[in-house]
Amino acid sequence: MRLVLYYIVLRKAQDMQIPIYGIPVGALQAQRKFRPQVHLYFAQDAVDVFRGEDPVIGTISWRIMDETSETITRSKVEIIANRIKSEFGAGTGFVWRKGKEMVTYTDWDRGLQLQILSRSSSEGQQVIRKVLDAAGTSFRPERMNVNKNQAENSRYPATPQRENILGESVELPRERPNADVRFRYATMTLHGLKRPIHLYDKTLQLVDCVVR
């Protein structure tokens, strides 16, 4: 399991299988052709992972609705990659403080359906604003909503729950754990390409990145 997670964090999982394109249902219904999709990947620092637990990871993505795989240019890809580097790559990499509160931001016309787990609405908004800056669009407060469980500590306990399965006590995956996940790398998927384009990599493990 740890080896598989290591491959995922460093984007080595692409060597194990052909990537599967995840397409939001609404966007697929609204558009017959796939639009370019940008993906940001985050992972918990190894020193913050308790022994016996898997690192918490996170992904954020959006679509570029005014382009297709045929119209997008290399220069536009570079612009997006540089924006991501500016917003998420400074210092040791931007840290997204994941939590139990769900902050959403929906703007279909701009390819955005963000679901950000955070410690508070203000922290969720901070992440959303950085994504919007990377996407080259402005924040519209009416597009943001907050979903907060009234008993989040009991609904999402810090200690993993256990179930008796086939006579054995099995630890269940944690739901919405509080964890700091750091930006690792960004990719773009284009319809027609089997492999993603490496936009920017903070881990220095990926080759052929658009920007360094």
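Just so you know, all these numbers are worked out from the coordinates, no wet-lab data involved. The structure displayed is predicted, hence computed values, not measured ones. Positions of Cβ are generated from backbone atoms using ideal geometry, with glycine treated the same way; all protein chains shown enter the neighbour counts.
Couple of notes before you dig in:
- Across region 128-140, coupling constants 3J(HN,Hα) worked out from phi with the 6.51/-1.76/1.60 Karplus curve, θ = phi - 60°, read 4, 4, 5, 4, 5, 4, 5, 7, x, 9, 9, 6, 10 Hz, and Gly and Pro carry x.
- Trypsin sites (Lys or Arg not before Pro) lying in DSSP loop within region 36-75, provided at most 10 other Cβ fall within 10 Å: R51
- Evaluated over region 96-212, the count of Lys pairs having alpha-carbon atoms less than 17 Å apart is 4 (only pairs 8 or more residues apart or interchain).
- Neighbourhood charge, 14 Å Cβ-Cβ cut-off, centred on D45 and excluding it, Lys, Arg +1 and Asp, Glu -1: +1
- Our summary gives region 57-212 a relative contact order of 26 percent, counting only alpha carbon pairs under 8 angstrom and 6 or more residues apart.
- Per DSSP, loop GluC sites (Glu not before Pro) in region 65-137 with at most 10 further Cβ within 10 Å: E70
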